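This report refers to the structure that appears directly beneath it.
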Amino acid sequence: MTNTNYEAGRRFEYLVMKVLKENFPKEKYTIIRTAGSHSPVDVLITEHRGRRCFGIQCKSKKVKK
């Protein structure tokens with residue numbers, strides 16, 4: 001199975017989202033992935049009641065075997 005850069009990046013973004021969801025309660029925060037947006041933000045976390053919003057740029061590297 002070929003592992004493309006896109007697939008590796010997508011997997012890493014989902015891993016980042018999983019860690020965030022384990023640490024930020026869903027009652028207070030929304031966490032989304034901006035799929036295919038080609039923007040500076042890959043994962044977005046927003047606070048429901050408040051003005052805080054954080055964008056995360058995820059970078060992954062291929063590991064040589």
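Computed values, structure above
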quantity	calculated
Test for E22: is it modelled with pLDDT of 85 or more, part of a loop (DSSP other than H, G, I, E, B), loosely packed, with under 13 Cβ neighbours inside 10 Å and acidic (D, E)	no
Extreme residue, surrounded by the most Cβ atoms within 10 Å (Cβ to Cβ), among residues of the range 1-19 that are at pLDDT 90 or above and β-branched (V, I, T)	V16
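The values are calculated or read from the model by the stated rules, or taken from the named source; none is laboratory data. Remember, predicted model here, so these are calculated numbers, not experimental data. Cβ coordinates were reconstructed from backbone atoms using ideal geometry, including for glycine residues, and neighbour counts include every protein chain displayed.
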